[in-house]
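The values are calculated or read from the model by the stated rules, or taken from the named source; none is laboratory data. As the structure is a computational prediction, the values presented were derived from the model and not from experiment. Here the Cβ positions follow ideal geometry from the backbone for every residue, glycine too, while neighbour counts run over all protein chains shown.
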Amino acid sequence: MEARDHELKKELAATLQARGELGAEYESALIDSFLEKVEQRLDTTLDRRVRRQLAEQQMSVARGARPAEPGNFGERHGLGIVSLILAIPLSAIGVANAGIEGLVVAWLGIVGVNAFQAVRGGGPFRRRDERAQRAPSDWKD
């Protein structure tokens, strides 16, 4: 990796030297050229990482392990994130209508919803295999 960093530093030095020799009128073209090289380097690195991760996932699946579920962070923390985003307007509405009592009620509601969701075990954000393992419903005949 250090060799690649060294190459990138040499490219930057060459770009800066060319800018000094050619003048400011070629600056945008030189910057675009340098950024294109950086983008190519990033694309190459990203492609390599994605291929490596796919190969690792395929190997773990071949060994019998379950593949990692995409979006797991959002599934686990989605309600908390949405609650924090909605807390701003809810707090403002509570303060505007009822003062500090309104703020307290708004936050008690936000905390209550999140606590209920945490105790309940994730609800709609529960993983598919956990939903399938639930006991059959008493409502069915």
Q) Can GLY94 be described as modelled with pLDDT of 85 or more, loosely packed, with under 10 Cβ neighbours inside 10 Å and of a type outside the set (A, V, I, L, M)? A) no
Q | Qualifying residue in region 17-28 (condition: within 27 Å of GLN117 (Cα to Cα) and at pLDDT below 90) | A | no
(Q) Considering only residues that are exposed (fewer than 10 other Cβ atoms within 10 Å of the Cβ) and assigned to a helix (DSSP H, G or I), which ones fall in region 7-31? (A) GLY20, GLU21, ALA24, GLU25, SER28
Q.
If SER33 satisfies all but one of (1) over 30 Å from ALA14 (Cβ atoms); (2) modelled with pLDDT of 85 or more; (3) hydroxyl-bearing (Ser, Thr, Tyr), what's the number of the condition it fails?
A. (1)
Q. Before we move on, is ARG76 at pLDDT below 85, under 30 Å from ILE110 (Cβ atoms), in contact with a helix residue (DSSP H, G or I) (Cβ under 9 Å, 6 or more places away or on another chain) and basic (Lys, Arg)?
A. yes
